[in-house]
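The values are calculated or read from the model by the stated rules, or taken from the named source; none is laboratory data. Predicted model only: the values in this text are computed from it and were never measured. Ideal geometry is used to build each Cβ from the backbone, glycine not excepted, and the neighbour counts take in all protein chains shown. Accessible surface is based on the protein model in full, side chains and every heavy atom, while ligands, DNA and RNA are left aside. Shrake-Rupley method; radii C 1.70, N 1.55, O 1.52, S 1.80 Å.
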Amino acid sequence: MYAFLFFLNFLLIYTVFAVYAERKISAFIQDRYGPMEVGYYGLLQTIADLLKLVQKEDIVPFQSDRKIFKPAPIIIFVAVFAGFAVLPLTSGFAGSAIDAGLFYLLAIVSLDVMGILLAGWGSNSKYALFGAMRSIAQIISYEIPLTLSVVCVVLVAQSLNLQEIVYQQGIWINEVDAEAVNYLFGIKALGIETTEIGGILTWNILRAPIFLFAWLVFFIASLAECNRAPFDIPEAESELVAGFHVEYSGFRWAMIMLAEYGMMLLVAFLGAILFLGGWNTPLPNFGTVALADWTSGEPGTLAGNLWGAFWLISKALLTVGVQIWIRWTYPRLRLDQLMNLSWKYLTPAAILLVLLSALWRMLMI
Amino acid sequence: MKEYWQNIKTTTKTLSEGLKVTFKHIKDARGSREALYTDDDNYFERQNGIFTTQYPKEVLPVPHHGRYKLHNEIDDCIVCDKCAKVCPVNCIDIEPVRSVGEFGKTSDGTSKRIYAAKFDIDMAKCCFCGLCTVVCPTECLTMTDEYDFSTDNIADHNFEFGEMTPLEILEKRKELEEFNKQKEAAKAAKITSAGAAKPQMKPRVAPGSAASTAGSAKPVFRPKVPVKRASTDAESGAAKPKPVMRPKVVVKKKEAAAESQEASSNPRPVIKPKVPMKPKVPASRNEGEESSEGQRPKAVRPKIPIKPKVPTPEKPEEKEDTGAQKPKAVRPKVPMRPKIPTPKPDNPDPDSNESAE
């Protein structure tokens, strides 16, 4: 329940400032100022936009299928928001600590596609339908490399429980498994134990260095999952107006946007949890200079929770920043290029990585 | 297969290159371009950073006399009407009221003889060609560096430069009317002795003026001025401005001086318009002179001592016109000349108006 309240409010506040950040970063990349008028340096611009959106009329097209059209944004948002339920924000704070958390997350997020299809189909507009079709083709294609890259982590972590996966990536690994030992790069033969060092050295991307590539595949596929540039052909402003949500206005449109930014945050969280150490600190212990100890509290204590939330949210927001940076750097992929990338490059790479992960696991024990 | 790896390689390389480029822009966004005009030495110095200006708060400099909003320095305006004439879109609306005498000088020494009862420039119509500023003889009409005068009421685009109150205008009109009445009365008194009436004169003037000054509207002025002369003078004078001016000098010292100053200071284009004015000075007498010249070559000449300086070509033209049109009416007027000396100060004004037209 606390997680629900926290994540809902966090998501709303985050969206307001993510939109602001998106506009500012895009402006800076294009040598502009971006919003400057509302509030200091334009900080309240998004709030003004939100107030405007809430006041707008909820237009339902006459020819649309009302029964499908109206709940579609809710389905989209709920599917995304439900994903937050299993995220371990800190060592002691998670909505649900189910053992199949990762599996649940991937499954529930896939429902997002259904909402998009309903929105596009119910709008009874060619642009919306085109957008929905493309979105489905894209999301289903990219779900494969995404899932395979997640499977890499599962192979190494030997668990679908997100909290456990996070624990393994830091100095508190022995809290969940008293006998577990971390080695540098996950190679036991090197004989360098990093269990007590922790920090970035025990993050999954260094715990098994091939995860650097897995993380890359995951990141690219997750961009496609959020329908963000350069994979935003479902929305493709310049050709489809707004894609599947072209007919929406007012609050329903706001919910779709909220879901989009929520999805960005969710995959950023997931990426941080699976590959970047979750709520673990990036600073390692160096002998008496126990940076890792100083920057992360004992699990379950207040300090532990605050440090954990700080690190995980920082990592997630940083990832969102990179997503925004990428969006304003690369042009949109054509549909055939999109499929090309997914099926010819990412999927084979992900399959190879799964194989290598299994082998790497052999090195670790 | 080789191509496959090559693709991955180039993709990685180009993508990272792209990220570097945009990151550089984010970094540079800490600074922004200064508001420099193109002639600044540092104009090309800063090539990076935020490029936009926050317009109402920051303004890029523009040339001081760019083609932006028109401004009329009404104190320097002699209401010559040239700007209104040359305007291709008729955005300048002038309502002149002649004064009885010279009532002031512009800052460059030109006599002001016409009040601007109304001097409106409708910037909504303006095409910003700048022609009016070129023809302005006193350079009182300029284009300023102000370009932000948009409003939500198009009527606000009409800028009024006339500074007279309705009362003043009324006063000046009355003054002029009274003066004209007096003049006419005086004329009538003399004419009765000679037996010629004005009505006959007007018809002459009209055809001549129409022919000589190619089709500009001068409803107000026509009656007063025998325009022809002015125009013909102008034509002849355009070629040799000086000879024309001299006669004036002889006639009126004040005006001649002022005009000669202008003439010397201003390049030709400016002179031309003025030239017509000078002939008018003689033209003020025109009514009398024309008739006298055309009809009685002998009688006129004695006066002409002045004219001899006037380019000789003038005479034949004048003679032809006047002779052809009013053989009879002219004679009676001759007696008027003696009177002329008094009206002189007034007459120049009407002339100048007409000539301007």
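Things worth noting here:
- Residue ranges of helices (runs of 4 or more DSSP H) in the stretch A:285-356 with at least 1 members free of Cβ contacts under 8 Å to residues at least 60 places away in the same chain and either within 14 Å of chain B (Cβ to nearest Cβ) or within 25 Å of A:Val154 (Cα to Cα) (or both): A:302-327, A:335-340
- Any hit, the stretch A:85-107, residues being buried (at least 17 other Cβ atoms within 10 Å of the Cβ) and either of a type in the set (Lys, Arg) or free of Cβ contacts under 8 Å to residues at least 24 places away in the same chain (or both): yes
- Screening the stretch A:108-144 for residues that are among the polar types (S, T, N, Q) and either crowded, with 20+ Cβ neighbours inside 10 Å or in contact (Cβ under 8 Å) with a residue 60 or more places away in the chain (or both) and picking the one that is farthest from A:Pro230 (Cα to Cα) gives A:Asn124.
- Selection of the stretch A:155-182 for residues being more than 17 Å from the chain's Cα centre (by Cα) and part of a helix (DSSP H, G or I) yields A:Leu155, A:Val156, A:Ala157, A:Glu164, A:Tyr167, A:Ile173, A:Asn174, A:Glu175, A:Val176.
- Here A:Glu196 does not fit the description of being assigned to a loop (DSSP other than H, G, I, E, B), acidic (Asp, Glu) and touching a Gly at 6+ places or on another chain (Cβ under 7 Å).
- Taken over the stretch A:333-343, the criterion of being open to solvent by 70 Å² or more (accessible area, probe 1.4 Å) and farther than 14 Å from B:Thr11 by Cα is satisfied by A:Arg334, A:Leu335, A:Asp336, A:Trp343.
- Taken over the stretch B:16-51, the criterion of being open to solvent by 70 Å² or more (accessible area, probe 1.4 Å), in a helix (DSSP H, G or I) and not β-branched (Val, Ile, Thr) is satisfied by B:Glu17, B:Lys20, B:Phe23, B:Lys24, B:Lys27.
- For the stretch A:230-249, the count of residues that are of a type in the set (A, V, I, L, M), surrounded by fewer than 24 Cβ atoms within 10 Å (Cβ to Cβ) and under 16 Å from the mean Cα position of the chain (by Cα) is zero.
- Annotation note: of A:Asp31, A:Asp49, the sole residue that is under 30 Å from B:Lys24 (Cα atoms), open to solvent by less than 80 Å² (accessible area, probe 1.4 Å) and within 14 Å of another protein chain (Cβ to nearest Cβ) is A:Asp31.
- If you go through the stretch A:277-310 and pick out every residue that is under 17 Å from A:Leu162 (Cβ atoms), crowded, with 24+ Cβ neighbours inside 10 Å and not aromatic (Phe, Trp, Tyr), you end up with 4.
- Pairs meeting the criteria (first residue in the stretch B:160-183 and farther than 29 Å from B:Ala124 by Cβ, second residue charged (D, E, K, R) and open to solvent by less than 100 Å² (accessible area, probe 1.4 Å), beta carbons under 8 Å, at least 6 apart or on different chains) are B:Leu176/B:Arg98; B:Phe179/B:Asp346; B:Lys183/B:Asp346.
- Residue in the stretch B:3-15 that is facing another protein chain (nearest Cβ under 10 Å), of a type in the set (A, V, I, L, M), in a loop (DSSP other than H, G, I, E, B) and farther than 30 Å from B:Ser150 by Cα present: no
- Output for the stretch B:52-91, where each listed residue is surrounded by fewer than 12 Cβ atoms within 10 Å (Cβ to Cβ) and within 14 Å of chain A (Cβ to nearest Cβ): B:Tyr55, B:Pro56, B:Lys57
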